[in-house]
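S.K.: Handing you a structure now.
FYI, it's all coordinate maths here, none of it is from the lab. All values reported here derive from a predicted model rather than from experimental measurement. Don't worry about glycine lacking a Cβ; one is built from the backbone with ideal geometry, like all the others, and counts go over all protein chains shown.
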Amino acid sequence: MLWKDEGRIHLGAEAEVRAGFWLGIPAVKKIRMKRTWRHPDLDHLLTRRRLDAECRSLRRLVGCGIRIPSILQLDRNTFTMVMSKVDGEPLIDVLRAGISDDEIFSEVGRVIRIMHRVGIVHGDLSTNNILWQHGGTPALVDLGLSRVSTEVEQFGIDLHVLEEILSASHPEYDGAMTMVESGYLSLDIDEGPAEDSSGGPLPSAAQVIKRLQDIRTRVRYHG
Ligand SMILES: Nc1ncnc2c1ncn2[C@@H]1O[C@H](COP(=O)(O)OP(=O)(O)O)[C@@H](O)[C@H]1O
Ligand SMILES: [Mg+2]
């Protein structure tokens, strides 16, 4: 048996996630479920698109220094993906427990920038999809809504999603987003400007943060 099941760890609207071992390696199995309220053909298409997006982005992120799951097994017919288990607790639980490692938010910003520097927009940067481990670096999971982009707006929106979640769900962490931004900006200072991707030049960290400010203003005035 390739897979040894250890039970469910998450049941969301779209997927069930189970913990276990794959050939003895600590792993998780993510099974995307059918949504019966949607036309089966459309459901099939959208589910497969998410599975493919998740795999494509995880592959593109290999070797860039972010902790992400490795894909161990993929079944496109049953929409099932087995991946390595990444260590850490969902950031939502860490913050709700009141833990305040100084570097959490700046590290999160740094990791998001590493992802953006290879042209990937996560698409769902919630505190459920960032795992934190004390003394380590944040891990990113759940890339089913991710895409490859060179558009500054897309990267700005990625950060804005996180900002909205931080202020709505974790308002006690005053200044969290300022620290995310400083971590985000720090990477370009350390590593230089982002490289060109095949689709054209990627925006710099400063350009993305500037756009984030514009998005914030836009949302404030137009809802
Ligand atoms: N590779 C992984 N390693 C460890 N935990 C994981 C992994 N993938 C998912 N999880 C856990 O399962 C939860 C749900 O997985 P996720 O991919 O976010 O599914 P959903 O699309 O339903 O939100 C995550 O918030 C995380 O806590
Ligand atoms: Mg998720």
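S.K.: Kirkwood hydrodynamic radius of the chain from all distinct Cα pairs, in Å?
M.R.: 18.4 Å
S.K.: Next question. So between GLN213 and ASP52, what do we pick up on full extension, going 0.36 nm a residue minus the alpha carbon distance?
M.R.: Stretched out fully, the GLN213 to ASP52 stretch lengthens by 54.8 nm.
S.K.: Given the chain, what percent of its DSSP beta bridges are antiparallel, to the nearest 5?
M.R.: 95 percent
S.K.: Also, quick follow-up: Hey, what angle do you get for helix 152-169 against the long axis of the chain, alpha-carbon based, 0 to 90 degrees rounded to 10?
M.R.: For 152-169 against the chain, the angle is about 80 degrees.
S.K.: Give me the angle, in degrees from 0 to 90, between the Cα long axis of helix 176-191 and the longest principal axis of the Cα atoms of the chain, rounded to the nearest 10.
M.R.: It is inclined by approximately 90 degrees.
S.K.: Another question, if that's okay. Taking only the alpha carbons of segment 3-84, what extent do you get along each of the three principal axes, in Å, biggest first?
M.R.: The principal-axis extents, from largest down, are 37, 30, 19 Å.
S.K.: How far is it, in nm, from the label point at ARG8 to the one at ARG76 when both lie 7 Å from their Cα along the line to the Cβ?
M.R.: Distance between the two pseudo-spin positions: 2.9 nm.
S.K.: Follow-up question, since we're still on this one. Counting Lys and Arg as +1 and Asp and Glu as -1, what is the net charge of the other residues whose Cβ lies under 11 Å from the Cβ of VAL111?
M.R.: Every neighbour counted, the sum reads +3.
S.K.: Sticking with this structure for a sec: Given the -39500 (n - 2.57) contribution per DSSP H run of 4+ residues, what per-residue ellipticity at 222 nm results for the chain, rounded to the nearest 500 deg cm²/dmol?
M.R.: Numbers: 6 runs with 94 residues, N = 223.
Per the formula, -14000 deg cm²/dmol.
S.K.: Give the relative contact order (percent, whole number) for segment 1-64; include only Cα pairs under 8 Å separated by 6+ residues. Intermediate results must be reported in sequence, preceding the final value.
M.R.: Values: 68 pairs, mean separation 13.0, N = 64.
Dividing the mean separation by the residue count of segment 1-64 yields 20 percent.
S.K.: To the nearest 10 degrees, how steeply does helix 205-222 sit against the main Cα axis of the chain, on a 0 to 90 scale?
M.R.: The angle comes out near 90 degrees.
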